[in-house]
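One structure below.
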Amino acid sequence: MDTFSYIGQPAESGAAMQFPTVTARTWELPNGLGIIVQEDHSAPVASVQVWVETGSIHEDRHLGAGISHMLEHMLFKGTEKRGASEFAQSIQDVGGYINAYTSFDRTVYWIDIPAKGVKIALDLLSDAVMNSTLPEEEYAKEQEVIRREFAMGNDDPDRVSFTTLFDTAFCSHPYRHPIIGHLDVFNGITRDELMAYYKARYVPNNMFFVVVGDVDAVSVHAQLSEIFAAHPRCSLPPVFIPPEAPQLGRRDRNIEFPTELTRLHLAWHVPAASHPDIPALDVAAVVLGGGRSSRLYKRLREELALVHSADSWCYAPGQVGLFGVDALLDPDKRQEVECEVVRLIGELRDGGVTERELAKARKMSLSQQLQSVTTMRGRASDLGSNWLLTRNLDFSRDYLESIQRVTAADIRRVLTTYITDRRLTSVSLNPQGALARIQAPPATIKAGEIQRFELSNGLRLLVREDPRLPLVSMNAVFKAGLLVETAETSGISRLFSKVVLKGTRRRTAEQIADEIEELGGAVGSESGNNSISVSARVMRPDLRAGLEILSDILQHATMPAKAVTREQEAQLASIKAEDEDMTAIARRLLRENIFGPHPYALRSSGTPESVASLTSEDLIAYRDRYLVASNGVFAVFGDVRAGEVRDLAEEIFATLPVGEPALKEVPRPPKLTSSREAEQIKEKEQAILMVGFPGIDLFHPDSAALELIDEACSDLGSRLFLRIREEMGLAYFVGSSMMSGLAAGMFAFYLGTAPEKLAQVKAALAEEIEKLASGGLTAGEVARAREKSIGQQDIRNQSNQAFAFQAALNELYGLGHSYHLVQREQIRAITMEDIRRVAREYFHQPSVTVVVRPTAKP
């Protein structure tokens with residue numbers, strides 16, 4: 001794998017760090033096909049990707065049709081060798097996962113897979129990109145699927161606001177057109193035009209493969225050389241991409257939408273990624289709006305209470321880009337927020353950036369980039385993007401070195417040059433009626449096993465040594481969450497998880513944010529159905545500092561009244577946002593009807609009444625009751641030594657109170673005695689259907705069998721997907737989900753469809769559930785689900801942050817920190833008869849059906 005180097009002193013003395021040097025091998029075949037292979041034997045998985053250098057900006061006479069996106073949807077619908085369902089099923093047979101995405105300048109198809117399946121993945125991707133037949137009958141079905149995607153986009157305020165921003169900021173460049181296209185133009189594209197575009201753009205000299213993982217580079221090269229020997233280099237007609245003319249005056253666009261909050265975007269044109277000014281603009285974006293210690297966050301959210309959230313960014317693709325500020329706010333504060341943002345940028349330009357802010361931005365940039373390459377897919381994506389944009393695989397490293405050289409003078413210069421009033425584009429999405437009111441490596445390094453310790457106060461400590469990258473992930477988890485809430489305290493866990501970071505006896509919220517971000521790290525917290533967690537991430541030299549900050553938060557959080565008020569406002573805003581999300585509404589309605597008076601029926605964000613009634617005293621009492629040693633598990637995974645972590649944890653967490661374990665007796669959900677239906681009307685363009693059955697808890701012996709059924713019903717090769725979406729064309733998305741916890745949960749089937757198809761799709765879903773209940777799964781489905789479940793576990797556990805969190809939860813709940821190994825064996829031991837028995841038992845019991853739809857149109 002890549003080696004991590006230090007500038008100057010050894011890491012132990014706190015030396016500066018650099019991004020890994022790439023050691024990938026590259027080839028170009030005689031037909032122009034590029035091959036990039038990075039061997040990394042640290043985990044038995046790989047990411048196989050093919051990058052086609054064509055996206056929405058290359059659509060030429062079809063510009064605005066979304067033909068690149070349409071082709072992405074159609075590519076796996078069949079070749080001369082394979083049928084439409086064989087691609088996903090072949091990958092799932094070996095435990096992998098296949099997907100794709102289209103962007104402005106690329107279309108990328110990727111497979112994350114256990115190493116044993118790499119040859120299959122290469123063969124499948126090669127076959128798809130070169131030999132797809134784009135069947136006429138599949139084309140008609142996929143058109144309808146994408147029309148549903150258009151409808152979903154039209155319902156999403158975030159997507160609508162960003163589409164409006166790009167349409168306003170760009171007047172001539174193709175970036176102004178959505179990647180999915182415009183519906184009226186999309187409707188005019190024929191299958192023959194799609195095939196012509198495919199034949200013209202999907203040629204060997206316009207694509208390259210990136211493979212990262214437990215592979216042999218020479219073997220990958222040999223296989224692709226053999227496959228592509230039959231595909232010659234082709235003429236690649238140039239595509240004219242209109243340049244964006246200089247912006248000579250401010251642009252404003254304010255629109256209304258069925259929403260509760262205003263989304264404000266301020267943006268300025270900046271150069272492409274390769275321009276030497278981009279590192280300084282990136283640093284300026286971090287200083288201005290990167291994290292809780294940034295100027296935007298402190299001024300707009302904490303001091304003036306003008307926004308619910310705000311951040312800044314620098315988007316620099318292969319061509320012209322944007323520097324932007326986003327904010328979520330109440331409608332009547334839009335003009336004040338815009339003025340304050342402009343004022344803050346002026347202060348940054350005229351007063352300059354401090355050395356402390358520069359140091360923090362440098363470290364945050366490095367840390368974020370390191371986080372992006374913790375998995376094989378992340379490494380492959382980094383290499384692919386570097387190659388596409390610059391033909392320099394080390395561009396990320398070179399770019400981060402440029403970041404380290406940015407000075408205060410550089411930031412002042414780029415802000416003066418680019419962030420000016422005449423370059424400003426201001427776009428807002430507002431609630432209906434709001435505008436009128438306002439106007440009125442060398443050697444493989446392997447990770448170790450999880451080690452378990454118990455501190456003197458009873459806190460359980462899990463440590464996993466993983467020296468692959470100089471990163472450390474820490475997760476403290478405690479039994480609590482939704483299960484300890486009542487109707488009166490609903491939402492307290494969510495509110496606590498936000499306010500717990502807002503100050504301690506020793507540190508203010510600003511100091512917490514400053515200290516952790518100066519380390520290039522981050523802190524976070526979240527609540528769930530059965531637990532609450534506080535996490536931190538730092539780089540290796542800052543282990544002690546990270547532990548001390550996390551310990552201070554857990555033991556001494558003061559829950560300041562001002563912060564409680566701010567976070568209550570934000571939580572109330574999120575409740576409004578959830579009330580606009582069709583899927584969230586349906587899921588909430590389903591839980592209410594299945595769980596009744598049980599805590600699992602409560603909204604994790606609470607109700608407006610319950611959230612508004614919570615106080616600082618309530619949150620302090622919550623802290624004192626649940627954040628105690630006997631009720632928690634602390635996991636530290638990363639570039640550490642177990643003995644050192646144990647000693648540091650014993651020293652730093654010694655004063656964490658012992659307390660009492662929570663949830664000694666877990667409330668049981670009521671028995672569902674008969675089937676029922678529930679419906680809610682919401683004026684959107686789509687409809688959601690869900691069917692739920694009472695489920696099981698984490699400890700139930702049927703857990704593995706139900707998990708396999710869930711896997712088999714929720715992927716792109718599932719019977720539900722193939723029948724209801726592919727064959728019948730009735731739904732945009734369809735699948736299943738399984739919820740289990742310390743109390744019995746539920747098993748749900750769900751789909752999104754057009755309102756006029758509800759009756760038909762409801763019958764089809766009921767038919768598929770009955771088939772499953774009566775006959776279980778086929779042998780092929782079980783085999784695919786088993787391999788996918790195990791393969792996905794390997795892929796997920798590449799990330800120490802995710803692995804530490806899951807291991808800590810398993811230990812907390814009583815399953816044991818190595819339950820992932822037990823679970824693997826349970827999954828392997830499941831038989832066909834187990835599946836049939838479980839399907840019969842759980843899907844022939846009473847159920848709840850919920851529908852969220854618009855009113856019928858006349």
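The values are calculated or read from the model by the stated rules, or taken from the named source; none is laboratory data. Because the structure is a prediction, the values reported are computed rather than measured. Cβ sites come from the backbone with ideal geometry, for glycine too, and all protein chains shown count toward neighbours. These area figures cover heavy atoms from the full protein model, side chains too; ligands, DNA and RNA do not enter into them. Shrake-Rupley method; radii C 1.70, N 1.55, O 1.52, S 1.80 Å.
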Reported to the nearest 10 Å², ASP158 has, with a 1.4 Å probe, an accessible area equal to 80
With label points set 7 Å from each Cα along the Cα-to-Cβ direction at THR615 and ILE681, the distance between them in nm comes to 4.2
Extension length gain for ARG250 and HIS275 (0.36 nm per residue less Cα distance), in nm, is 6.6 nm
Computed ³J(HN,Hα) along region 136-152: with the Karplus parameters 6.51/-1.76/1.60, θ = phi - 60°, integer Hz and x for glycine or proline, the list is 4, 5, 6, 4, 5, 5, 6, 4, 5, 4, 6, 4, 5, 5, 4, 4, 4
Among (1) -0.41, -0.78, -1.36; (2) -0.53, -0.85, -1.15; (3) -0.77, -0.99, -1.17, the entry matching log10 I(q)/I(0) by the Debye sum over Cα atoms at q = 0.06, 0.08, 0.10 Å⁻¹ as calculated here is (1)
Which residues qualify? For SER309, with a placed amide H closer than 5 Å and at least 5 residues away or on another chain, they are LEU328
With every protein chain kept in place and a 1.4 Å probe, region 633-758 has an accessible area per residue in Å² of 40
The ³J(HN,Hα) series, computed from each phi in region 281-291 with the Karplus coefficients 6.51, -1.76 and 1.60 at θ = phi - 60°, rounded to the nearest Hz and given as x for glycine or proline, is 5, 5, 4, 4, 5, 5, 4, 6, x, x, x
Expected field for VAL636, accessible surface area in Å² at 1.4 Å probe radius, rounded to 10, holds 0
With DSSP loop assignment and no more than 16 other C-beta atoms within 10 Å, the chymotrypsin sites (Phe, Trp or Tyr not before Pro) in region 179-248 are PHE240
If each K or R counts +1 and each D or E counts -1, the residues other than GLU578 whose Cβ falls under 11 Å of its Cβ total 0
Per-residue ellipticity at 222 nm attributable to helices in the chain (runs of n ≥ 4 DSSP H, -39500 (n - 2.57) apiece, nearest 500 deg cm²/dmol) works out to -13000 deg cm²/dmol
Taking Cα pairs closer than 8 Å and at least 6 residues apart, the relative contact order of region 276-418 in percent is 28
Quick note, region 655-756: a/c under 1.5 would make it rounded; otherwise a/b > b/c is prolate and the rest oblate (a ≥ b ≥ c, C-alpha gyration tensor); here it is prolate
Residue by residue through region 534-545, the couplings from Karplus 6.51 cos²θ - 1.76 cosθ + 1.60 with θ = phi - 60°, in Hz, x for Gly and Pro, are 10, 10, 8, 9, 9, 8, 3, x, 9, 4, 4, 4
